[in-house]
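Engineer: My questions all concern the structure below.
The values are calculated or read from the model by the stated rules, or taken from the named source; none is laboratory data. Just so you know, these numbers come straight off a predicted model, no measurement behind them. Glycine also receives a Cβ, built like all others from the backbone with ideal geometry; neighbour counts cover every protein chain displayed.
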Amino acid sequence: MELNTYEQEVFNYQRSNIEKFGKRNMIWSLFFLIFIMIGLYALYLQIAKGHGVTGMRDNVVWGLFIVNFIFFIGLSYAGAIIGGVLHLLKVPWGKPIVRLAQMMTLISVIVGPIFILLCVGRFDRLHHLFIYPRIQSPMTWDVMAVLTFFAGAVLFLYLALIKDFAVYRDAKMNIPAWKQKLYKILAIGYRGAASQKRHLIISQNLLAIIMVPLSIIVASILSWIFGMTLRPGWHSTIFGPYFVLGALYSGCGVLIVAMWVYRKMYKLEHYFTDKHFSYLGYGMMVLGAGYGYFTFSEYFTGWFGSAKWDNEVINKLFSFHEYGGWTLFANLAGIVIPILIVAIPATRKPNWITLSAFIMVIALWVKRYLIIVPTLETPALPMQDTRMEFVKYSATWPEWALTIAGIASFLLFFTLISKFVTVVPVSGLEEVNFPHEPHHHHHDVATNKDEIKPA
Amino acid sequence: MKQELIKNSIRHILKYAMLILLCIPVNLFAQTDSTATKEADTKEEAGLIAPALDFIIVQKSDSTIDLKAAMRAKIKGSLMRLPLLKITFFQVSDTAEKNLGFVITDNNGKAVLTVKKDALTNVKDGSLLFKASFAGNKQMESADGEMTVKRGLLQITPVKEDSLLTVKVKFITPGNGMDSAMKDVTIGIFVKRFFSALKIGEGTTDENGEVTVEIPGNLPGDDKGNLILMAKIDENETFGNLEASVTQPWGLPVSASLEKQPRALWSAHPPIWMLITFIVMMVIVWGHFIIIVYELFRLRKEEPHLEETITNT
């Protein structure tokens, strides 16, 4: 693979990141592994003693696990939409961050569904979903959707990596033989010949075209698990688009945070520039406004209609004796703060934007909790077992341990993958891909040319 | 000075100790279940389970008698019904114990033996003593129950006058050749529902041992409108339990089988449009995936020779 000067420079800059694992990353990984081990112990307890070790009971049958599933799978769908759109529209500044979006897509579609497996009681009957599927059940739709999306996410990241694998293969890096061999296999003989380029471009375009609508459909299907159920707070016509928007919004936030972390970790200031933060910040602001609009109309119609059970859920959400504090946090930190931070020029800085994105992501996690638990605590039929733990859900330590283990494995995957491929894609980078200035070493090359801004 | 300091610190310690005690949930100390029935015979003894045998007798209108035994025991603090135990029933008279047969308890720990009139030894004063007995096994102690009842009979007769529906119930005790009526006994009238009997009225017998109770005309019945009407006396001191029932087409016909539903969550098959949509969408998406993988295979096949690449680029 021949590289142009930009590509060569980007590769040289990141080369050491994939050659050496590094002490700091080793410590990081061990740190995450400790939490994963604690999670595995909690899982052992859950399997040995049954689901009684969780806070889930007859009425509140879903808890933290489903919250995490929706959260992670939402990130995944968002990654696919953001990556797909940036690819299809050929947004010049988008190229350096597309890989991050694709990494997020794949990692979260691996981590998310694990929480479904934690939630079901009978692993041994899992295959029944495929041998006795009920096409009329939203659960079946979701299983099919997640599996299909997983296949898409693998292809999505892989296609974008083929050229880079060819670069790594030919670079004669100081790496173990197995890694070299793996790069060779994964590069599937790509040498940059014209016919090979054509096949790759056809594949990438086809996949981007299918991934965007697929993400929207699967995010809607996820919402329909709730929307199709005749329960207060769930049975809503706007849940499909609401979930799509919520997923995109939180995904945008995680992307900003990931960008910030990698920028610090690998000193990628020249690729993840302040402009990237601003542009994604604008995206976050617009999505936040849309998300806020949906949230308002969701609560407003429920409150105005005041149907008996809807009213009860709304009252729980807005009473400070119940979930009022969390509702306030979810809407303030999840909607108002990010919009303000980006809107005010003084705070439109990478650090501020990242901080608001980070808080927003937490707020959106809380929001998922508020969608699931209060509704389940408000059954339309009287509860048979009125012990406190049956009436009111409270997560137990195994649930928290597994949640933290999930987050730790999400971060561990990010760490490991950044040691296998470069965080900023090497191939296909050209001058137009740098919204600011290109690398300082090549200042002389770029000075004559005008900066190209997105439309 | 020093003394006051010590005094003050003690006072503080006590204050905080009180506060801490207040914060400890009270139910930590309330371990005993106040609603639990305290029965000596259900208490667990070292190693061996001590079961309790509940024994009741139901006299029916066809002169048969149901002997009902239920086995239960408290195991590890919770009440368990004991299945698969052999219960032997006896009629006890002055001279001997007559073995009536045995029944194995079902999943609910219940064993019921229906005894016919002629299987019983006649007793002069008309009272019968029955005994149910469990012999015990390796894990369990033996248990038994006894009960004496006087022979009694309930007769139920449906009466329809114009649109007024009633049942006439008569309570008699069969004597030697002559039946005698029982008065001032409260009899409940029930209608059999899906799980248990629904009480629809009650009355007290007159000097002829008779009582008449009105039946509402709007009760849902089976698909032909049949109702099973029952007269019952529960736990009478002398007679135990008595039952009589009659089936009358006095209810509203309600079909128990599900009507043909055009669309339901539990339908065996999804609507055709949904199946088509599902298949079409899966084919479109997976079709794309297959094309992409095929393109990758072609890409791999078209790997140029190394020298060629270098000259090309």
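Engineer: Could you figure out which of (1) part of a strand (DSSP E or B); (2) free of Cβ contacts under 8 Å to residues at least 24 places away in the same chain isn't true of B:VAL211?
Structural biologist: B:VAL211 satisfies all of (1) part of a strand (DSSP E or B); (2) free of Cβ contacts under 8 Å to residues at least 24 places away in the same chain except (2).
Engineer: Just to be sure I understand, how many residues within region A:164-196 are within 28 Å of the chain's Cα centre (by Cα) and crowded, with 21+ Cβ neighbours inside 10 Å?
Structural biologist: Here the count works out to 7.
Engineer: Hey, another quick one. When region A:286-307 is examined, which residues are found to be more than 30 Å from A:LEU230 (Cβ to Cβ) and either modelled with pLDDT under 95 or small (Gly, Ala, Ser) (or both)?
Structural biologist: Once the filter is applied, which keeps residues that are more than 30 Å from A:LEU230 (Cβ to Cβ) and either modelled with pLDDT under 95 or small (Gly, Ala, Ser) (or both), region A:286-307 yields A:GLY288, A:ALA289.
Engineer: Now a separate question. Taking A:PHE130 as meeting all but one of (1) within 14 Å of chain B (Cβ to nearest Cβ); (2) surrounded by 20 or more Cβ atoms within 10 Å (Cβ to Cβ), write down the number of the exception.
Structural biologist: Exception for A:PHE130: condition (2).
Engineer: What is the one condition in (1) touching a residue at least 12 places away in the same chain (Cβ under 8 Å); (2) closer than 18 Å to B:THR157 by Cα that B:LYS199 does not satisfy?
Structural biologist: (1)
Engineer: Turning to a different aspect of this structure: Go through (1) in a loop (DSSP other than H, G, I, E, B); (2) in contact (Cβ under 8 Å) with a residue 24 or more places away in the chain; (3) crowded, with 18+ Cβ neighbours inside 10 Å for A:GLN136 and report which single condition fails.
Structural biologist: The failed condition is (2).
Engineer: Looking at region A:96-109, can you tell me whether even one residue there is of a type in the set (D, E, K, R) and either without any contact (Cβ under 8 Å) to a residue 60 or more places away in the chain or within 14 Å of chain B (Cβ to nearest Cβ) (or both)? So that I can check it myself, show each step before the final result.
Structural biologist: Step one: list which residues in region A:96-109 are of a type in the set (D, E, K, R), which gives A:99.
Now restrict to residues that are either without any contact (Cβ under 8 Å) to a residue 60 or more places away in the chain or within 14 Å of chain B (Cβ to nearest Cβ) (or both): none.
No, because not a single residue in region A:96-109 is of a type in the set (D, E, K, R) and either without any contact (Cβ under 8 Å) to a residue 60 or more places away in the chain or within 14 Å of chain B (Cβ to nearest Cβ) (or both).
Engineer: Return the total of residues in region B:162-194 being exposed (fewer than 14 other Cβ atoms within 10 Å of the Cβ) and either at pLDDT 85 or above or among the aliphatic types (A, V, I, L, M) (or both).
Structural biologist: Of the residues in region B:162-194, 4 are exposed (fewer than 14 other Cβ atoms within 10 Å of the Cβ) and either at pLDDT 85 or above or among the aliphatic types (A, V, I, L, M) (or both).
Engineer: Same structure, new question: For region B:94-115, how many residues meet the condition of being at pLDDT below 85 and out of contact with any strand residue (DSSP E or B) (no Cβ under 7 Å at 6 or more places or on another chain)?
Structural biologist: Number satisfying all stated conditions: 3.
Engineer: Oh, and also: Among the residues of region B:195-206, what is the count of those that are touching a strand residue (DSSP E or B) at 6+ places or on another chain (Cβ under 7 Å) and either surrounded by 18 or more Cβ atoms within 10 Å (Cβ to Cβ) or in a loop (DSSP other than H, G, I, E, B) (or both)? Steps first, please.
Structural biologist: Of region B:195-206, the ones touching a strand residue (DSSP E or B) at 6+ places or on another chain (Cβ under 7 Å) are B:197-205.
Adding the requirement that they be either surrounded by 18 or more Cβ atoms within 10 Å (Cβ to Cβ) or in a loop (DSSP other than H, G, I, E, B) (or both) leaves B:200, B:203, B:205.
Here the count works out to 3.
Engineer: Something else now. Run A:ASN205 past the list (1) touching a residue at least 60 places away in the same chain (Cβ under 8 Å); (2) buried (at least 17 other Cβ atoms within 10 Å of the Cβ); (3) within 14 Å of another protein chain (Cβ to nearest Cβ) and report the number of the one that doesn't hold.
Structural biologist: Tallying (1) touching a residue at least 60 places away in the same chain (Cβ under 8 Å); (2) buried (at least 17 other Cβ atoms within 10 Å of the Cβ); (3) within 14 Å of another protein chain (Cβ to nearest Cβ), A:ASN205 fails exactly one: (2).
Engineer: Going by what's in this entry, would A:THR273 be described as buried (at least 17 other Cβ atoms within 10 Å of the Cβ), more than 24 Å from A:VAL373 (Cα to Cα) and of a type in the set (Val, Ile, Thr)? Can you show your working first?
Structural biologist: Values: buried (at least 17 other Cβ atoms within 10 Å of the Cβ): yes; more than 24 Å from A:VAL373 (Cα to Cα): yes; of a type in the set (Val, Ile, Thr): yes.
The answer is yes for A:THR273.
Engineer: Still on this structure, I have one more. Mind telling me which of the residues A:LEU206, A:LEU129 ends up being closer than 30 Å to B:ILE276 by Cβ and in contact with a His (Cβ under 8 Å, 6 or more places away or on another chain)?
Structural biologist: A:LEU206
Engineer: Turning to a different aspect of this structure: Which of the numbered conditions does B:GLY77 fail, given that it passes all the others? Conditions: (1) without any contact (Cβ under 8 Å) to a residue 12 or more places away in the chain; (2) in contact with a strand residue (DSSP E or B) (Cβ under 9 Å, 6 or more places away or on another chain).
Structural biologist: Only one criterion is unmet by B:GLY77, namely (2).
Engineer: I've got another one for you. Does A:VAL154 count as under 24 Å from the mean Cα position of the chain (by Cα), of a type in the set (A, V, I, L, M, F, W, C), within 11 Å of another protein chain (Cβ to nearest Cβ) and surrounded by fewer than 22 Cβ atoms within 10 Å (Cβ to Cβ)? Walk me through how you get there before you give the answer.
Structural biologist: Working: under 24 Å from the mean Cα position of the chain (by Cα): yes; of a type in the set (A, V, I, L, M, F, W, C): yes; within 11 Å of another protein chain (Cβ to nearest Cβ): yes; surrounded by fewer than 22 Cβ atoms within 10 Å (Cβ to Cβ): yes.
Taking the combined requirement at face value, the residue satisfies it.
Engineer: Could you check, for region A:77-94, whether at least one of its residues is more than 14 Å from chain B (Cβ to nearest Cβ), of a type outside the set (A, V, I, L, M), under 21 Å from the mean Cα position of the chain (by Cα) and surrounded by fewer than 23 Cβ atoms within 10 Å (Cβ to Cβ)?
Structural biologist: yes
Engineer: Still on this model: Out of everything in region A:261-276 that is of a type outside the set (D, E, K, R) and in a loop (DSSP other than H, G, I, E, B), what residue ends up being nearest to the chain's Cα centre (by Cα)? Step through it out loud before you land on a result.
Structural biologist: Initial filter on region A:261-276 (of a type outside the set (D, E, K, R)): A:261-262, A:265-266, A:268, A:270-273, A:276.
Still in the list and also in a loop (DSSP other than H, G, I, E, B): A:268, A:270-273.
Working: A:LEU268: 21, A:HIS270: 24, A:TYR271: 21, A:PHE272: 19, A:THR273: 21 Å.
Per the stated criteria, the residue is A:PHE272.
Engineer: Report the residue count in region A:285-327 for those that are acidic (Asp, Glu) and either loosely packed, with under 13 Cβ neighbours inside 10 Å or under 25 Å from A:ILE362 (Cβ atoms) (or both). Explain how you work it out, then say what you get.
Structural biologist: Going through region A:285-327, the residues acidic (Asp, Glu) turn out to be A:298, A:310, A:312, A:322.
Next, only the ones that are either loosely packed, with under 13 Cβ neighbours inside 10 Å or under 25 Å from A:ILE362 (Cβ atoms) (or both) stay: A:298, A:322.
Of the residues in region A:285-327, 2 are acidic (Asp, Glu) and either loosely packed, with under 13 Cβ neighbours inside 10 Å or under 25 Å from A:ILE362 (Cβ atoms) (or both).
Engineer: So for region A:85-106 (the condition being assigned to a helix (DSSP H, G or I), hydroxyl-bearing (Ser, Thr, Tyr) and at pLDDT 90 or above), does at least one residue qualify?
Structural biologist: From region A:85-106, those assigned to a helix (DSSP H, G or I) are A:85-88, A:92-106; that's our starting set.
Within this subset, residues satisfying the condition of being hydroxyl-bearing (Ser, Thr, Tyr) are A:105.
If we keep only those that are at pLDDT 90 or above too, we end up with A:105.
Yes, some residue in region A:85-106 is assigned to a helix (DSSP H, G or I), hydroxyl-bearing (Ser, Thr, Tyr) and at pLDDT 90 or above.
Engineer: Go through region B:173-187 and give me each residue that's of a type outside the set (A, V, I, L, M, F, W, C) and either under 20 Å from B:LEU227 (Cβ atoms) or part of a strand (DSSP E or B) (or both). If you could, list the steps in order and put the result at the bottom.
Structural biologist: Filtering region B:173-187 down to residues of a type outside the set (A, V, I, L, M, F, W, C) leaves B:173-177, B:179-180, B:183-184, B:186.
Hits for region B:173-187 are B:THR173, B:PRO174, B:ASP179, B:SER180, B:THR186.
Engineer: Now, a different point. Return the only residue of A:VAL212, A:VAL146 being in contact with a Pro (Cβ under 7 Å, 6 or more places away or on another chain) and at pLDDT 90 or above. Please lay out each step first, then the result.
Structural biologist: Numbers: A:VAL212 fails: in contact with a Pro (Cβ under 7 Å, 6 or more places away or on another chain).
Only one candidate qualifies: A:VAL146.
Residues are listed down the side, and each one gets a yes or a no for (1) within 14 Å of chain A (Cβ to nearest Cβ); (2) under 29 Å from the mean Cα position of the chain (by Cα); (3) aromatic (Phe, Trp, Tyr):
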position	(1), (2), (3)
B:THR186	no, yes, no
B:GLU207	no, no, no
B:PRO216	no, yes, no
B:ALA231	no, yes, no
B:ASN236	no, yes, no
B:PRO249	no, yes, no
B:GLY287	yes, no, no
B:ARG300	yes, no, no
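Engineer: Sticking with this one: Testing A:LEU159 on (1) under 25 Å from A:LEU100 (Cα atoms); (2) buried (at least 18 other Cβ atoms within 10 Å of the Cβ); (3) free of Cβ contacts under 8 Å to residues at least 40 places away in the same chain, one condition comes back false. Which one is that?
Structural biologist: If we test A:LEU159 against (1) under 25 Å from A:LEU100 (Cα atoms); (2) buried (at least 18 other Cβ atoms within 10 Å of the Cβ); (3) free of Cβ contacts under 8 Å to residues at least 40 places away in the same chain, just (3) comes out false.
Engineer: Could you figure out which of (1) free of Cβ contacts under 8 Å to residues at least 60 places away in the same chain; (2) buried (at least 18 other Cβ atoms within 10 Å of the Cβ); (3) more than 30 Å from A:PRO379 (Cβ to Cβ) isn't true of A:LEU30?
Structural biologist: All conditions are met except number (2).
Engineer: Which of the strands (runs of 3 or more DSSP E) contained wholly in region B:71-172 include at least 3 residues that are out of contact with any Pro (no Cβ under 7 Å at 6 or more places or on another chain) and either of a type in the set (D, E, K, R) or within 30 Å of B:TRP250 (Cα to Cα) (or both)? Walk me through it before giving the result.
Structural biologist: Working: elements: B:78-81, B:86-92, B:97-104, B:110-115, B:127-134, B:143-150, B:153-161.
Hits in region B:71-172: B:143-150, B:153-161.
Engineer: Shifting gears a bit: Of the residues that sit in region A:1-52 and are assigned to a helix (DSSP H, G or I) and among the small types (Gly, Ala, Ser), which one is nearest to A:LEU182 (Cα to Cα)? Lay out the reasoning, then the answer.
Structural biologist: Of the residues in region A:1-52, the ones assigned to a helix (DSSP H, G or I) are A:5-19, A:23-49, A:51-52.
Restricting the remaining residues to those that are among the small types (Gly, Ala, Ser) gives A:16, A:29, A:39, A:42, A:48, A:52.
Details: A:SER16: 18, A:SER29: 22, A:GLY39: 31, A:ALA42: 35, A:ALA48: 39, A:GLY52: 44 Å.
My answer is A:SER16.
Every residue, every condition in (1) away from chain B (no Cβ under 12 Å); (2) acidic (Asp, Glu); (3) farther than 17 Å from A:GLY79 by Cα, yes or no:
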| residue | (1), (2), (3) |
| --- | --- |
| A:ALA166 | no, no, yes |
| A:ILE201 | no, no, yes |
| A:HIS235 | yes, no, yes |
| A:LEU255 | yes, no, no |
| A:LYS264 | yes, no, yes |
| A:THR273 | yes, no, yes |
| A:HIS276 | yes, no, no |
